[in-house]
Amino acid sequence: MKRLALFISGTGGNAVNLLRACREGRVQALPVLGLASTATAGGIARLETEGLPTAVVVRKDFESDEAFSEACYQAAEQAGADVICLCGWLKKLTVPRRWEGRILNIHPGLLPKYGGPGMYGIHVHRAVLAAGESESGATVHLVDGEYDHGRILRQLRVPVLSGDTPEDLQRRVYAAEMELYPLALAAYLAEQT
């Protein structure tokens, strides 16, 4: 069974969702670490309440993205993780060869549209509405050296409704994320066996 490290920068909702999906048997994997990019991430306490060991690696403690990324990978490796799931992770990770194809991310939009630097959270939903799109959604993809770029594993579409505010759309896309990430992770893991 693959062992997961769940990387968070905020409330940890997607991480808790994946943790529970594993415990319920919907995803055949064992979460072994929750890693936060800031000591103030609300998700740390949520993951600890669920009994998951946590660690914090802060970008400003390192001279480069590479050094920061390596510290993150070393924490994951020390916990025995085989796969990393980014769950609202907001820091740049460089991907060394040994981790290629083993890092998943969830994005609150239909990539390749509305991805890249600065495109996270409410910013994505504002951009979707400003462009007059008829639908949005969530994407799970493999992480490579570019923001929101790697191979798309699975998407779930969400209609944009008349009168939607960015917050309305965000709520519906978040609900789609909760459904999508466990399904995409389970399918990815099945491919690896």
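Read-outs: derived from the displayed coordinates by stated rules, not from any lab. Since we're looking at a predicted model, the values are computed, not measured.
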Go through the stretch 102-116 residue by residue and turn each phi into a ³J(HN,Hα) via Karplus (6.51, -1.76, 1.60, θ = phi - 60°); whole Hz please, and just put x for glycine and proline. 10, 10, 10, 9, 10, 10, x, x, 8, 4, x, 6, 6, x, x
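Counting pairs of alpha carbon atoms under 8 Å apart in space and at least six apart in sequence, what relative contact order in percent does the stretch 27-147 give?
Values: 150 pairs, mean separation 25.8, N = 121.
Dividing the mean separation by the residue count of the stretch 27-147 yields 21 percent.
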Extent of the stretch 25-64 along each principal axis, from alpha carbon coordinates, in Å, largest to smallest? 40, 20, 13
The stretch 36-119 - Debye-derived log10 I(q)/I(0), Cα point model, q = 0.15, 0.24 Å⁻¹: -0.62, -1.43
All alpha-carbon distances of the chain, grouped into 10 Å bins from 0, give the whole-percent distribution 10, 38, 37, 14, 1
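Give the Rg/Rh ratio for the stretch 42-83, taking Rg as the radius of gyration of the Cα atoms and Rh as the Kirkwood radius, to two decimals. Spell out each step's value before the answer.
Details: Rg = 11.8 Å, Rh = 11.5 Å.
The Rg/Rh ratio comes out at 1.03.
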Over the Cα atoms of the stretch 126-193, each weighted equally, I'd like the Debye log10 I(q)/I(0) at q = 0.12, 0.14, 0.20, 0.27 Å⁻¹, rounded to two decimals. -0.37, -0.49, -0.86, -1.15
To the nearest 10 degrees, how steep is helix 65-78 against the longest Cα principal axis of the chain, on a 0 to 90 scale? 60
